[in-house]
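The values are calculated or read from the model by the stated rules, or taken from the named source; none is laboratory data. What you see is a predicted model, and the numbers here were worked out from it, not measured in a lab. Glycine also receives a Cβ, built like all others from the backbone with ideal geometry; neighbour counts cover every protein chain displayed.
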Amino acid sequence: MTRPPPRPLPLAADPPPRERADAARNRARVLAAAERLFAERDPAGVTMDDVAKAAGIGRGTLYRRYPDRAAIARALLDEHERALQERLLSGPAPLGPGAFGEPAPTPAARLAAFYTAMTELLETHVHLALGAETGLARYGTGVYGFWRLHVTHLAREAGLADPETTADHLLAPLAPELFRHQRDRGVPVDRIAAALADLAHRTLGGP
């Protein structure tokens, strides 16, 4: 039986508008400098002055484009997160909905695949996530709203009584602070992903 098209989910952010050549050069210098600084030290200790100095631009130029450190980290993460969003919306199963006419992946299988994709993203870019999403700031980002909408949809499909609240609980293990803590303790990425997949199947059902 052919499945109906999935309900569309909004992307977390609109594509950036066109910019002048000099602004584009400054942006590239800022992002390159910030990514290097975030990778070299604790992101919480990187200041806007550090970024401006490393990028070789004035503080005023930096602040005109980015109000704070989190905004810079968020810009760096956007490209990677948008690629994952596209895979969730229209990619192959089980991460995406799969092709029309194929058996639909179960909500548990989709959540497990999402967990695996997110652990892969965090393994490569956790320093950026820590700079962008530390503490309560995580819940105010557009991308968290996207992940939450996706997981809420899966929880609703699985028949859970309170899918909205459960979605926050299911996203909590993906906090970058927790991921960094587990990796610093020597927990391998595949072990983290396997534990999260077990959580997905135990919560949403399925083998």
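Annotations for the structure displayed:
- Of the residues making up region 32-48, just one is under 15 Å from Ala132 (Cβ atoms) and of a type in the set (Val, Ile, Thr), namely Val46.
- Among the candidates Ala93, Ala108, residue that is in contact with a His (Cβ under 6 Å, 6 or more places away or on another chain) and either part of a helix (DSSP H, G or I) or closer than 20 Å to Arg148 by Cα (or both): Ala108
- Matching residues, region 52-105, being at positive phi and either touching a Cys at 6+ places or on another chain (Cβ under 9 Å) or exposed (fewer than 15 other Cβ atoms within 10 Å of the Cβ) (or both): Gly56, Gly101
- Top-ranked residue of region 198-207 - restricted to ones that are among the small types (Gly, Ala, Ser) and either under 22 Å from Glu120 (Cβ atoms) or modelled with pLDDT of 95 or more (or both), ranked as surrounded by the fewest Cβ atoms within 10 Å (Cβ to Cβ): Gly206
- When region 56-78 is limited to residues that are not in a helix (DSSP H, G or I) and not acidic (Asp, Glu), the one that is farthest from Met118 (Cα to Cα) turns out to be Gly58.
- One residue from Leu149, Leu136, Leu171 being buried (at least 19 other Cβ atoms within 10 Å of the Cβ) and aliphatic (A, V, I, L, M): Leu171
- Ala155 vs. criteria out of contact with any Lys or Arg (no Cβ under 7 Å at 6 or more places or on another chain), surrounded by 21 or more Cβ atoms within 10 Å (Cβ to Cβ) and more than 27 Å from Pro67 (Cβ to Cβ): yes
- Every residue from region 174-197 that is acidic (Asp, Glu), in contact with a helix residue (DSSP H, G or I) (Cβ under 9 Å, 6 or more places away or on another chain) and loosely packed, with under 13 Cβ neighbours inside 10 Å: Asp190
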